[in-house]
Amino acid sequence: MAPIDEETGMRVEDFDYQLPPELIAQRPVEPRDTSRLLVLHRESGKLEHRRFYELPLYLRPGDVLVLNDTKVIPARLLGKKAKTGGQVEVFLLKPLGGDCWEVLVRPGRRIPPGTEIFFGEGELRARVLDRTPQGGRVVEFQYQGEWEEVLGRLGEVPLPPYIKEKLSDPERYQTVYASKPGSVAAPTAGLHFTPRLLKQLEEKGVRIVYILLHVGLGTFRPVREDVVEKHQMHAEYFRVDEDAARTINEARKKGGRVIAVGTTVVRTLETVATPEGEIKPREGFTELFIYPGYRFKAVEGLITNFHLPRSTLLMLVCAFAGREKILEAYQVAIKERYRFYSFGDAMLIL
């Protein structure tokens, strides 16, 4: 494995690996907590092969487990152009206030500003107002009734493009604790938890805390720069309330470890942490990009899935455990036929 050149910086190709296509999980396992768990000990590099329901073996009384309770919205809308009847796909990205949204549209070249689109029997309509610098559109929706009800009836929960099978139960792309609608993709590290497993952890003395980060497509957009440091993350909304901050800070003072469930939790906690690691209650937007060289302030353990090559998610995990250790662990996971990506297996990094 080639070392990183300190003078020219890290290159995106430094975070590449080859994955056999058949290891891309197409459906979730049942029950959720029977997925496999690869445990990586950062200091020694030791690996252990477990099942996710064995997680309580590795967490201690006094630890705090931090989860993201965002909920995926039915962000994919299929409509038609009012003038021609041509089919249009609209993918909701970010609310802009009022009934305006930033969206992606297909086919993009045929949908200029001024285009009107209707969905269903016309109970939801959209007018394209402008283009965005990233090639998306700004649209304004018109509808009767409650937005959530209309969207829930006409929209679909989007799945990542590498999942080719249709999901029989859309709730399997939600965590069991999802409660705050706003994400366009699931925080997939949390998909492995069951109510029973969360209860087991609480009974053991592990504190359970919820924070919020609404996952946007920016998390998954490919890194187009050759040099990692030049990549710009897209802003995502987060919120850490006073109770969550207090619980985390109290646990840390008593020697408990902060275990983040997923990269969204890592980015949120590291955004609101002081240099000393104290968590401050805050809400806003984060563009924090974590890659090797980053000094972690608050997170001491991480539960995460296996990520796409060259992705910002893989770079974050490499920053936490070391690039060589992670890429070596991925090779072991491939050899042992672990399942990868959103519906795949998990890693615990301590």
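Counting only pairs 8 or more places apart or on different chains, how many lysine pairs in segment 26-138 have C-alpha atoms closer than 28 Å?
5
State the extension gain, in nm to one decimal, for the chain segment bounded by residue 287 and residue 200, taking 0.36 nm per residue of separation less the distance between their alpha-carbons.
Here the segment from residue 287 to residue 200 would lengthen by 27.9 nm.
Compute the relative contact order of the chain as a whole-number percentage, counting only Cα pairs closer than 8 Å that sit 6 or more residues apart in sequence.
25 percent.
Select from segment 248-280 those trypsin sites (Lys or Arg not before Pro) which occupy a DSSP coil region and have at most 14 other Cβ atoms within 10 Å, ordered by residue number.
Details: sites: 252, 253, 254, 257, 267; in loops: 254, 257.
Passing sites in segment 248-280 are 254.
Output the relative contact order of segment 137-288, whole-number percent, from Cα pairs under 8 angstrom with separation of 6+ residues.
Across segment 137-288, relative contact order equals 20 percent.
Show that you can apply the helix-only estimate: for the chain, add -39,500 (n - 2.57) for every DSSP H stretch of four or more residues, divide by all residues, and state [θ] at 222 nm to the nearest 500.
After summing the helix terms and dividing by the residues of the chain, the value is -5500 deg cm²/dmol.
How would segment 76-154 be classified by its alpha-carbon gyration tensor: rounded, prolate or oblate, with rounded meaning a/c under 1.5 and the a/b versus b/c comparison settling the rest?
On the way: a/c = 1.74, a/b = 1.17, b/c = 1.48.
Because a/c hits 1.5 or more and a/b fails to exceed b/c, segment 76-154 counts as oblate.
Which order do 15, 306 fall in if you start with the one that has the fewest other Cβ atoms within 10 Å?
By the 10 Å Cβ count, ascending: 15, 306.
Suppose the chain between residue 324 and residue 168 were pulled fully straight at 0.36 nm per residue; how much longer would it get relative to their current alpha carbon spacing?
Working: separation 156, 0.36 × 156 = 56.16 nm, distance 3.80 nm.
Separation in residues times 0.36 nm, less the Cα-Cα distance, equals 52.4 nm.
What order, most packed first, do the peptides 189-202, 19-32 have when packing is the mean number of other Cβ atoms within 10 Å of each residue?
Ranked from most to least packed, the peptides come out as 189-202, 19-32.
Using P(r) over Cα pairs in 10 Å bins from 0, in percent as the read-out, say which of (1) 5, 24, 32, 25, 12, 3, 0; (2) 5, 19, 19, 22, 18, 9, 4, 2, 1, 0, 0; (3) 5, 18, 20, 12, 5, 4, 7, 9, 10, 7, 3, 0 was calculated from these coordinates.
Computed from these coordinates, P(r) over Cα pairs in 10 Å bins from 0, in percent corresponds to label (1).
Would you mind checking which residues have amide H under 5 Å from residue 131's amide H? H placed 1.01 Å from N; only 5 or more apart, or other chain.
Amide H neighbours of residue 131: 138.
Could you rank the peptides 72-84, 125-137, 292-304 by their average count of other C-beta atoms within 10 Å per residue, with the highest value first?
292-304, 72-84, 125-137
Read the figures in this text as sums done on the coordinates, not as results from a lab. Every value quoted in this text rests on a predicted model; they were computed, and no experiment measured them. Note that we place each Cβ from the backbone using ideal geometry, even for glycine, and neighbour counts take in every protein chain shown.
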